[in-house]
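**Student:** One structure coming up, written as structure tokens, with questions to follow.
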Amino acid sequence: MSREDHLFNNADWFSVDRHQRAELQAEVDAMEGNRLLNTSIDDLAAYLVDKYQVNVPELNREGIVADQRETKIDVSRDPMRMVLDRGQPCYVAGTEVHIEVPFSGDTEAFKIQPTTYSMNPPRAEIRNKVLLIKISGTNLTPEKVKSEVERTLTSIEGNLKHLRTNAEVLNRDLPNIARSAIDRRRKNLLDNQSLVSSLGFNLKEREGAPKTYSAPEIKRKIRPSLPPASSAPFKPEPTLTTADYEHILSVIESMALVMERSPSAFHSMDEESLRSHFLVQLNGHYEGQATGETFNYEGKTDILIRAEGQNIFIAECKFWGGPKVLIDTIDQILGYSSWRDTKIAIVIFSRNKGFTKVLESMKVTTLSHPNCKRELPLKKETSSRFLFAHRDDPNRELTLTILAFDVPRKDAA
């Protein structure tokens, strides 16, 4: 029968692993549909991973403190006393030493039995991010106490090492588990929504549908709350297709190649003149809908393409002026982008020597922006792509592609 102060002696790891995976899936399945559809997939997946991963504790040996107090020791089980006292309790004066060991990580992890374990688990009490090891006796010496403390700590750290190996597998799998669960639920919801809307009848509002959402209380440990999102009915917005987005970028890239091959014609041009060449090419592909300095949301952007009265592509053109100029440009284009704009671009012209360093700085600087969520895969040597949160709505995401071009300098003409 297990004692409460025995560590690593409650739920086995296999049960914990199955539980965390199942609970993640169950939370996605139970989430109100519009709430899920209106939440950023990346943010929701990050929330689920953070909630269901197991953070194995780390002991802070440098923070250990000790204390001692007088106590009564029951010596009735001493072989010499059992004959005299016939098993009855017999208390004598003794000393109890308290060793407090601070730790970081999940408190509940100390209750999990790793796949590799001992039949004699270590003993300690868990109190507010501190392990309390008690050593008592009638003839304690510093050497005896230190030896017992070291034996207990070594046993605890050995169990934590085994548990950490187990948890690494779960924690590594959780991002894919979360994203797959979200994708499946979103697909089912959108398929069902499409089915009902195609019938041609008005949609019935569900009685009691929640207008707001708050994360349930989690008793296991302090957890992050769900990312903010509206629970209003989800309405898909028309967006620029990935194929069209790539085509627009390819038109811009093709024009940049012309500049590289004819340096004498472009070496003295400023941003506005260079931009006009891109606009000519884009107008040739998009029936003259590309304009320069066109008002959009809060400002004037360099390249704006509209279709059916809506902005479908926004781009800014800038000469490379260092990290601060790039950050300002990102802020600028985020300010121009309305809620409907989901695909944007920044075209960087560099006349600096050392173009490789410019590319490295460009990527590091963009990733440091507070609205940047992550880099997206893009197999192009001088371009990078990133996922950004909208300035006014963190659940609205923007795809930002930065295209960099080494334009001719006067001394290269």
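Please treat every number below as a calculation from the coordinates, not as lab data. The structure presented is a predicted model; accordingly, all values stated were derived computationally and were not measured. Cβ: placed from backbone, ideal geometry, glycine included. Neighbour counts: every protein chain shown.
**Student:** I'd like to compare 89-96, 5-12: which one has the highest average count of other Cβ atoms within 10 Å, and what's the full order after that? Could the numbers behind the result be given before it?
**Tutor:** Details: 89-96: 13.1, 5-12: 17.4.
Descending mean neighbour count gives 5-12, 89-96.
**Student:** Can you list residues from other chains, or at least 5 along the same chain, whose modelled amide H is less than 5 Å from the amide H of GLN68?
**Tutor:** For GLN68, the qualifying residues are HIS98.
**Student:** Still on this structure: Return the loop-located GluC sites (Glu not before Pro) in segment 324-401 (DSSP other than H, G, I, E, B) with at most 11 other Cβ atoms within 10 Å of their own Cβ; answer none if there are none.
**Tutor:** In loop regions of segment 324-401 (DSSP not H, G, I, E or B), the sparsely surrounded GluC sites (Glu not before Pro) are GLU381.
**Student:** Ranked by Cβ crowding within 10 angstrom, fewest neighbours first, how are LEU400, LEU359 ordered?
**Tutor:** On the way: LEU400 24, LEU359 20.
Least crowded to most crowded, the residues run LEU359, LEU400.
**Student:** Set the Förster radius R0 to 35 Å, insert the Cβ-Cβ distance between ASP5 and THR165 as r into 1/(1 + (r/R0)^6), and round the FRET efficiency to 0.05. Could the numbers behind the result be given before it?
**Tutor:** On the way: r = 25 Å, r/R0 = 0.71.
Given R0 = 35 Å and the Cβ-Cβ separation, E is 0.90.
**Student:** Scan segment 334-364 for chymotrypsin sites (Phe, Trp or Tyr not before Pro) in coil per DSSP, keeping those whose Cβ has at most 15 other Cβ atoms within 10 Å, and list them by number.
**Tutor:** Numbers: sites: TYR336, TRP339, PHE349, PHE355; in loops: TRP339.
Passing both the DSSP loop test and the Cβ count: TRP339.
**Student:** Relative to the present Cα-Cα distance, how much length would full extension add between VAL258 and TYR91 at 0.36 nm per residue of separation? Numbers along the way, then the final one.
**Tutor:** Numbers: separation 167, 0.36 × 167 = 60.12 nm, distance 9.53 nm.
Length difference between fully extended and current span is 50.6 nm.
**Student:** Let me ask something additional. What is the calculated FRET efficiency for ARG172 to ALA66, with r their C-beta to C-beta distance and R₀ = 60 Å, to the nearest 0.05? Please list the in-between numbers first.
**Tutor:** Details: r = 38 Å, r/R0 = 0.64.
Between ARG172 and ALA66 the formula returns 0.95.
**Student:** A further question on this structure: Sort MET362, MET255 so that the residue with the fewest other Cβ atoms within 10 Å of its own Cβ comes first and the one with the most comes last. Don't skip to the answer; put the middle values down first.
**Tutor:** Working: MET362 21, MET255 18.
Ranking MET362, MET255 by Cβ neighbours within 10 Å, fewest first, gives MET255, MET362.
**Student:** Separate question: What does a probe at ILE73 reach in segment 96-140, counting residues whose amide N is under 18 Å from the point 7 Å along Cα→Cβ?
**Tutor:** 96-99, 133-140
**Student:** Right, here's the next one. Classify segment 19-58 from the C-alpha gyration tensor, please: rounded if a/c falls under 1.5, else prolate or oblate depending on whether a/b exceeds b/c. Write out the running numbers ahead of the final one.
**Tutor:** On the way: a/c = 4.22, a/b = 1.73, b/c = 2.44.
Oblate is the answer for segment 19-58, as a/c is 1.5 or above yet b/c matches or exceeds a/b.
**Student:** May I ask which of LYS51/LYS129; LYS187/LYS380; LYS187/LYS343; LYS187/LYS373; LYS318/LYS343; LYS357/LYS379 have a Cα-Cα span longer than 20 Å here? Each step should come with its number before you reach the end.
**Tutor:** On the way: LYS51/LYS129 18 Å; LYS187/LYS380 31 Å; LYS187/LYS343 22 Å; LYS187/LYS373 23 Å; LYS318/LYS343 18 Å; LYS357/LYS379 18 Å.
Pairs exceeding the cut-off: LYS187/LYS380; LYS187/LYS343; LYS187/LYS373.
**Student:** Going by average Cβ density within 10 Å per residue, which order do the peptides 183-192, 159-168, 273-282 take, highest to lowest?
**Tutor:** Numbers: 183-192: 13.4, 159-168: 18.8, 273-282: 16.4.
Most protected by this proxy first, the peptides run 159-168, 273-282, 183-192.
**Student:** Same structure again: Based on the Cβ-Cβ distance of ARG127 and THR356, what FRET efficiency does E = 1/(1 + (r/R0)^6) give at R0 = 56 Å, to the nearest 0.05?
**Tutor:** Values: r = 55 Å, r/R0 = 0.98.
Calculated transfer efficiency: 0.55.
**Student:** Give me the number: length gained by fully extending SER250 to THR115, i.e. 0.36 nm times residue separation minus the C-alpha to C-alpha distance, one decimal in nm. Provide the component values of the computation, followed by the final result.
**Tutor:** On the way: separation 135, 0.36 × 135 = 48.60 nm, distance 5.35 nm.
Length gained, SER250 through THR115: 43.2 nm.
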